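Undergrad: Provided herewith is a single structure, encoded as structure tokens, for subsequent inquiry.
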Amino acid sequence: MILRSLKFRLTYIFITIAIGIIAIFFGNEIRMAKEISDRSIIPISPDIKSTISSPTRSELVISTETEETFRLQNKQSDKVSLAPPKNPSMTSEGIPVAWVLKIKKTLGRIDAINLSKKLLSDGHRAFIRELNDGDVTSYYVYLGPNIIQQTLLNKKKSLTEKYSLDFQLMMFEP
């Protein structure tokens, strides 16, 4: 009987201590919640100044006239009829199919570089690809890519006359 009353007393003491700890914890929470101010201390229009200096333009960058860069060029030959461009086709992965004009003649490295520079200076998008066939390395110059095939076909004749080169239309493969 004495052991049983001792168990009840110990249980009562533990429960009382637990309730006291919970009451103290929540009492502090309630008191702290009342002390939190809901007024903002951030000014309405803060005076923030930049500490980072603005970037400087490199002397190596070649700048062009704005008018020249964004001028629309509508150079069309009289013989070429303009059909409305078709929607570009897509690959199975959903990537647009692009086209390039390849110069059929193989060139040496220096000739390919010079020709691509000439094409670039005339406003065309040109690039060089290197093809290794064992001991022989060939260089091909390409124009494009363009997703509208007809655009390149229209350029093909004028480029053939201007540069005395034979161009071949090919699908672009990055």
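Undergrad: Which of Leu169, Leu6, Leu107 has the fewest other C-beta atoms within 10 Å, and how do the rest follow up to the most?
TA: Leu6, Leu169, Leu107
Undergrad: For Glu161, Glu93, what's the fewest-to-most ordering of other Cβ within 10 Å of each Cβ?
TA: Listed from fewest to most nearby Cβ atoms, that is Glu93, Glu161.
Undergrad: Calculate the spin-label point distance for Ile30 paired with Lys157, positioning each point 7 Å from the Cα along the beta-carbon direction, and give it in nanometres.
TA: Result for the modelled spin labels: 9.2 nm.
Undergrad: Further question on the same structure: If neighbour count is taken as other Cβ atoms inside 10 Å, put Ile103, Ile19, Ile147, Ile128 in order from fewest to most.
TA: Sorted ascending by nearby Cβ count, the order is Ile19, Ile128, Ile147, Ile103.
We did not get these values from a lab; they are worked out from the coordinates using the rules stated. Keep in mind the model is a prediction, meaning the values are calculated, not measured. Reconstructed Cβ throughout: ideal geometry from the backbone, glycine too, with neighbour counts over all protein chains shown.
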